[in-house]
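Right, one structure below, let's go through it.
Read-outs: derived from the displayed coordinates by stated rules, not from any lab. Everything quoted here is computed from the prediction, not taken from an experiment. With ideal geometry, Cβ positions are generated from the backbone for all residues, glycine too; neighbour counts draw on all protein chains shown.
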């Protein structure tokens, strides 16, 4: 089996994170496991991280919203990335989204 490209890995992780969030929203016991044992909950959903990677789960509330700031993708991952066209970036909670201006 061929190794995944950086872009394929990024897409896989993004899809798995979406599945994990959806399960946490619909399954209170999974949500508690995710908060108390993020590594175990991620493995349960098919997403494994190296042991040296620390996993943290934070939950937005009505009065506190966390903005997740991932590392910028490498230029060769998706081609040239024009960060000047990004209008808004928000948390994975779905409260705000990333909008790109038409150029």
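Can we say residue 64 is loosely packed, with under 10 Cβ neighbours inside 10 Å and in a loop (DSSP other than H, G, I, E, B)? Write out each step before concluding.
On the way: loosely packed, with under 10 Cβ neighbours inside 10 Å: yes; in a loop (DSSP other than H, G, I, E, B): yes.
It is true that residue 64 is loosely packed, with under 10 Cβ neighbours inside 10 Å and in a loop (DSSP other than H, G, I, E, B).
Going through the range 14-38 one residue at a time, which ones are within 18 Å of residue 68 (Cα to Cα) and surrounded by 15 or more Cβ atoms within 10 Å (Cβ to Cβ)?
16, 17, 20, 21, 24, 34, 38
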